[in-house]
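Beneath this line is the structure, given in structure tokens, with notes to follow.
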Amino acid sequence: MSNDDDNLEISRRRLLGTVGAAGAAGLALGAAGGAGVYAAAADSGSSASGAHGATALTAVGATEAMFHGKHQAGITTPLQSRGHLIAFDLAPGAGRKEAAALLRRWSTTAKALMAGEPSADDTGIALDAGPSSLTVTFGFGYSFFGRTGLTARRPEQLDALPAFSADALDPKRSEGDLWVQIGADDALVAFHALRALQKDAGAAAKVRWQMNGFNRSAGATAKPMTARNLMGQVDGTGNPKPSEPDFDQRIFVPQGASGAQEWMAGGSYAVVRRIRMLLDDWERLPLDKQEKVIGRRKSDGAPLTGGTETTELDLDKTGADGKLVIPDNAHSRISAPEQNGGAAMLRRPFSFHDGIGTDGTPDAGLLFICWQADPLRGFVPVQRKLDRGDALSPFVRHEASGLFAVPGGAAEGEYVGQRLLES
């Protein structure tokens, strides 16, 4: 190896040595969304930050999320700039044995790629990049349990979501036996993981649907701050925070869970919705009407009742005209936990844009992903209430849906889902 090669390798090791810690983040469709990048960095004490708290661009590729742990990565990991969601169905004749072998392969590949290492039969797509905050998260759909002879182990929390009146769901882009969420701060790293896992599926499973998403890139703003969605709204303020004493019980199945949920200890349930934003209609609304639909200022995400982004909503405040400052059908009011018996979920979606339709409108919106210990107490009551009178409803369309049981993280020497498939 030449001296130039030695220096290049030393520089690479130094870069990879600046790995930052993972924290918690999320975002949601409306202003009642989840904690954004700023809150995530503050809560986690991430070490991948530069001067004045801004993310150092040279550290973006170096940040590594851990594969092994109490929970799977990609749930409380800070928002990544690229994402892929992919659902698989087991092949005809494939059952529990084939599923276990597949999860072993996937876990081996995910562990290597999340560490910035090549996978078996690596394609070289991500050469020169570090881990780039890559996370790979695995889940099981309702149909998986029938295909593998494990219906007795299927939790009731995985029962089908109720129908909502505003749904226009495409069954071909909904549900699935297996679900994989991929996130990374580099597009090539994310695609590399997608391609590797698709190849690993082999003859055991075939792709049912796949969706691509994005968020603002790390280091794009002067300081870490809450993200904006494609409607231009500051999007992620009211998420439960890991520092709150009841965070774990709201988001994760408790350790020591019994019965059909025993294998889910440390896991969570993901609701996945492809929500198209009707941007042409939305952008025709004057600013003041947009803010009344959401119940927050567009400029900084603060409630219309005053304060800053993190100020609590004053839902009883009225104006000089005697009307509620935050309208009774405002998205932030209807989705607020205090309006839903404390129902809460950790929202952590990606935006998407899949081109321009034949009518000239953008096929764009949100790949909504929310996490909770029980969707019947998290997502369902909130969505039912939104379905009955959310001012945002005329500007969005729910086009695909899925619910997945995401088991806890794999211990050293285990693969994800082993406690279900081998017990």
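The values are calculated or read from the model by the stated rules, or taken from the named source; none is laboratory data. Computed from a predicted structure; not experimentally measured. For neighbour counting, all protein chains shown are included, and Cβ atoms are generated from backbone atoms with ideal geometry for every residue, glycine included. Heads up: the accessible areas ignore ligands, DNA and RNA and are worked out on the full protein's heavy atoms, side chains in. Shrake-Rupley method; radii C 1.70, N 1.55, O 1.52, S 1.80 Å.
For region 93-101, the Karplus equation 6.51 cos²θ - 1.76 cosθ + 1.60, evaluated at θ = phi - 60°, returns couplings of x, 6, x, 4, 4, 5, 5, 4, 5 Hz by residue, with Gly and Pro reported as x. What's the angle, to the nearest 10 degrees (0 to 90), between helix 3-16's Cα axis and the longest principal axis of the chain? Around 50 degrees separate the two axes. Taking amide hydrogens as placed 1.01 Å from N in the peptide plane, the amide H of residue 175 sits under 5 Å from those of 401, 402, 403, each at least 5 positions away in sequence or on another chain.
State whether region 184-252 is rounded, prolate or oblate according to the following rule on the C-alpha gyration tensor (a ≥ b ≥ c being the square roots of its eigenvalues): a/c under 1.5 gives rounded; otherwise a/b larger than b/c gives prolate, and the remaining case gives oblate. Note, shape of region 184-252 comes out oblate.
Shape class of region 89-132 from the alpha-carbon gyration tensor: prolate, with a/c at 1.5 or above and a/b greater than b/c. Amide H to amide H distances under 5 Å link residue 363 with 354, 355, 356, 357, where only residues 5 or more positions off or on other chains count and H is placed in the peptide plane. Normalised by residue number, the volume inside the convex hull of the Cα atoms of the chain is 153 Å³ per residue. Among 63, 76, 108, the residue with the largest mean-square fluctuation in a Gaussian network model of the chain, with springs joining Cα atoms closer than 10 Å, is 108. For region 76-139, the carbon plus sulfur part of the accessible surface works out to 52%, probe radius 1.4 Å. Quick one: Cα centre-to-centre distance for region 305-332 and region 357-418, in angstrom? Cα centres, region 305-332 to region 357-418: 27 Å. How large is the accessible surface per residue of the chain, computed with a 1.4 Å probe and reported in Å² as a whole number? For the chain, the solvent-accessible area averages 43 Å² per residue.
The H on the amide N of residue 296, modeled in the peptide plane, is under 5 Å from the matching H of 304, each at least 5 residues off or on a different chain. Within the shell defined by Cβ-Cβ distances under 14 Å, the residues around residue 408 carry a net charge of -2, with Lys and Arg each +1 and Asp and Glu each -1. For the chain, take the longest principal axis of its alpha carbons; what is the angle in degrees between that and the long axis of helix 379-389, to the nearest 10 within 0 to 90? Once rounded, one gets 30 degrees.
Beyond 15 Å, what share of the Cα-Cα pairs of region 315-404 is found? Please give it as a whole percent. It works out to 69 percent of all Cα pairs.
Working from the Cα coordinates of region 219-349, the gyration tensor eigenvalues give, after taking √(5λ), semi-axes of 31, 19, 15 Å in decreasing order.
Across every direction, the projection of the convex hull enclosing the Cα atoms of region 283-361 has a mean area of 7.4 nm².
Estimated translational diffusion coefficient (Stokes-Einstein, Kirkwood radius over Cα pairs, 20 °C, 1.002 mPa s) of region 225-265: 168 µm² per second. Expressed as a whole percent, the accessible area of region 274-392 that falls on carbon and sulfur atoms is 48 (1.4 Å probe).
Pairs from the list 292/323; 241/317; 111/223; 97/206 with a Cα-Cα gap above 19 Å: 241/317; 111/223.
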